[in-house]
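Worksheet: the structure to be examined is printed underneath.
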Amino acid sequence: MKHLLGHHQLRWEPLAHAFDALFERGDDLGASLALTIEGELVLDHWGGWRDEAQQQPWDRNTLTHVWSTTKTMTSLCALLLADRGELDLDAPVVAYWPEFAANGKSGILVRDVLGHTSGVSGWEQPMGMGDLCDWERSTALLAAQSPWWTPGSASGYHALNYGHLVGELIRRITGQRTGAFLASELAGPLGADFHIGLPPEHDARVARVVPPPPMPVDFSAIPPDSPMLRTLGNPAPDAAYSHREDWCRADIGAANGHGNARSVARLQSIVACEGTLAGRRWLKPQTVDRIFDVQARGIDLVLGVPLCMGIGYGLPEPATLPFIPEQRICFWGGWGGSLVLVDVQRRLCLAYMMNRMAPGVVGGPNAAMLVQALYACCA
């Protein structure tokens, strides 16, 4: 491979070549790609540069900001609590967070939050990116406001507040924020180099994201009371804010995770292997099954495209994501192009993390091409 370091088993050679081609064409600056089968790392590659000036090579232990791929880690934490009987997915949120009952939200279920159907996809009050770092204020504002549509009736992507909603449930149950819970209960025991709230000792390993072109959305043409504008325009998206220390240190379980493909694949292999990984049962198969309980299917009120939402993950929707087979697969991706795909039927997990962001809120064309190469290998 001209541009890659790492290794892969021979069966996955076409996938490795497809990844290498992204660098050859200039489609990637720096990135990592990992594939696990039955929890075993069968492909682990990285390449390119950590910086736009191309002075710092991307190495085996480079981390990057993965935006909404972080949501899959927050979801995994919630599923772990559900598996332990500490979080009832079918219970109302107010069973754990009584203040959330305000303004017509007493009937919203935990699975409505995990399935992006709660009607609370953002903040009523004007917010800046830095305001999301203030946990107490952010969660109190969410608890006080009204839903923007009938809860449970449709999905509306909880772009930046998913981690605050799910994370406050985690905190009410465990006393820990999501990042601390992930570190102690999952990432630490599994040796996965993934962080929600990046400790300063890892700063030197981070490849900062390169912001994308402006979103191809004319916000002035969107009705001001629409969930799309209320969610995606408040706060206004600012990729460069991810470079700031307050953002990196905060616990934003929707969007500020730092990791690489290997660490993402390691953790999400718990789902791929139906709950058992590294000789330990983390989740019961029945808990993994809950991911595939469809919460909503149709036009997402925030993203404006057809989506199928399970519990904590997206599910295949060929109208929008034709490259993902309609099988027992769950996934999610991040602003700019990152993606993690979990195929429970084949017991595999594919993760792709990169630093140069492309247009698009969830995943991107590079990830689509890699998924197509993966399934060509599986044919």
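Computed quantities for the displayed model
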{"quantity": "Answer from Ala296, Ala265, Ala373, Ala358 - the residue that is touching an Asp or Glu at 6+ places or on another chain (Cβ under 9 Å), surrounded by fewer than 24 Cβ atoms within 10 Å (Cβ to Cβ) and small (Gly, Ala, Ser)", "calculated": "Ala358"}
{"quantity": "Residue in the range 333-353 that is surrounded by fewer than 24 Cβ atoms within 10 Å (Cβ to Cβ), of a type in the set (Gly, Ala, Ser) and either modelled with pLDDT of 95 or more or closer than 21 Å to Asp193 by Cα (or both) present", "calculated": "no"}
{"quantity": "Tabulated pairs, the range 19-31, first in contact (Cβ under 8 Å) with a residue 60 or more places away in the chain and surrounded by fewer than 19 Cβ atoms within 10 Å (Cβ to Cβ), second assigned to a helix (DSSP H, G or I) and among the aliphatic types (A, V, I, L, M), C-beta under 9 angstrom, 6+ apart or interchain", "calculated": "Asp27/Ala21; Asp27/Met369"}
{"quantity": "Breaking point among (1) in contact (Cβ under 8 Å) with a residue 40 or more places away in the chain; (2) touching a Cys at 6+ places or on another chain (Cβ under 9 Å), for Val371", "calculated": "(2)"}
{"quantity": "Options Gly298, Gly363, Gly304; residue that is under 23 Å from Gly233 (Cα atoms), assigned to a loop (DSSP other than H, G, I, E, B) and in contact with a strand residue (DSSP E or B) (Cβ under 8 Å, 6 or more places away or on another chain)", "calculated": "Gly363"}
{"quantity": "Cross-chain or 6+ apart pairs with Cβ under 7 Å, the range 336-357 first and in contact (Cβ under 8 Å) with a residue 12 or more places away in the chain and more than 17 Å from Pro325 (Cβ to Cβ), then assigned to a loop (DSSP other than H, G, I, E, B) and of a type in the set (D, E, K, R)", "calculated": "Met354/Asp28; Asn355/Arg50; Asn355/Arg208; Arg356/Asp28"}
{"quantity": "Given (1) surrounded by 17 or more Cβ atoms within 10 Å (Cβ to Cβ); (2) touching a residue at least 40 places away in the same chain (Cβ under 8 Å); (3) not acidic (Asp, Glu), number of the condition Thr139 does not satisfy", "calculated": "(2)"}
{"quantity": "Where a residue in the range 285-298 is of a type outside the set (Ser, Thr, Tyr) and its partner, wherever it lies, is assigned to a helix (DSSP H, G or I) and surrounded by 20 or more Cβ atoms within 10 Å (Cβ to Cβ), with Cβ under 6 Å and at least six apart", "calculated": "Val288/Val271"}
{"quantity": "Residue that is modelled with the lowest pLDDT, among those in the range 208-231 that are polar (S, T, N, Q) and either surrounded by fewer than 15 Cβ atoms within 10 Å (Cβ to Cβ) or closer than 28 Å to His243 by Cα (or both)", "calculated": "Ser220"}
{"quantity": "Pairs with Cβ under 6 Å, 6+ apart, first in the range 38-62 and under 22 Å from Gly257 (Cβ atoms), second surrounded by fewer than 19 Cβ atoms within 10 Å (Cβ to Cβ) and of a type in the set (D, E, K, R)", "calculated": "Asn61/Arg205; Thr62/Arg205"}
{"quantity": "The listed residue being under 23 Å from Trp335 (Cα atoms), touching a residue at least 24 places away in the same chain (Cβ under 8 Å) and touching a helix residue (DSSP H, G or I) at 6+ places or on another chain (Cβ under 7 Å), out of Gly179, Gly163", "calculated": "Gly163"}
{"quantity": "Filtered residue count, the range 269-293, keeping only those that are assigned to a loop (DSSP other than H, G, I, E, B), aliphatic (A, V, I, L, M) and buried (at least 19 other Cβ atoms within 10 Å of the Cβ)", "calculated": "1"}
{"quantity": "Residue, surrounded by the fewest Cβ atoms within 10 Å (Cβ to Cβ), within the range 307-317, restricted to residues that are in a loop (DSSP other than H, G, I, E, B) and in contact (Cβ under 8 Å) with a residue 60 or more places away in the chain", "calculated": "Gly310"}
{"quantity": "Selection count, the range 318-335, where residues are of a type in the set (Val, Ile, Thr) and touching a residue at least 40 places away in the same chain (Cβ under 8 Å)", "calculated": "1"}
{"quantity": "Arg266 vs. criteria in a helix (DSSP H, G or I), in contact (Cβ under 8 Å) with a residue 60 or more places away in the chain and over 19 Å from the mean Cα position of the chain (by Cα)", "calculated": "no"}
{"quantity": "Unmet requirement for Val94, which otherwise passes all of (1) out of contact with any strand residue (DSSP E or B) (no Cβ under 6 Å at 6 or more places or on another chain); (2) under 24 Å from Cys308 (Cα atoms); (3) not charged (D, E, K, R)", "calculated": "(2)"}
{"quantity": "Test for Ile311: is it among the aliphatic types (A, V, I, L, M) and touching a Lys or Arg at 6+ places or on another chain (Cβ under 6 Å)", "calculated": "yes"}
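The values are calculated or read from the model by the stated rules, or taken from the named source; none is laboratory data. Everything numeric here is computed off the predicted structure, so don't read it as measured data. Positions of Cβ are backbone-derived with ideal geometry, glycine not excepted, and every protein chain shown enters the neighbour counts.
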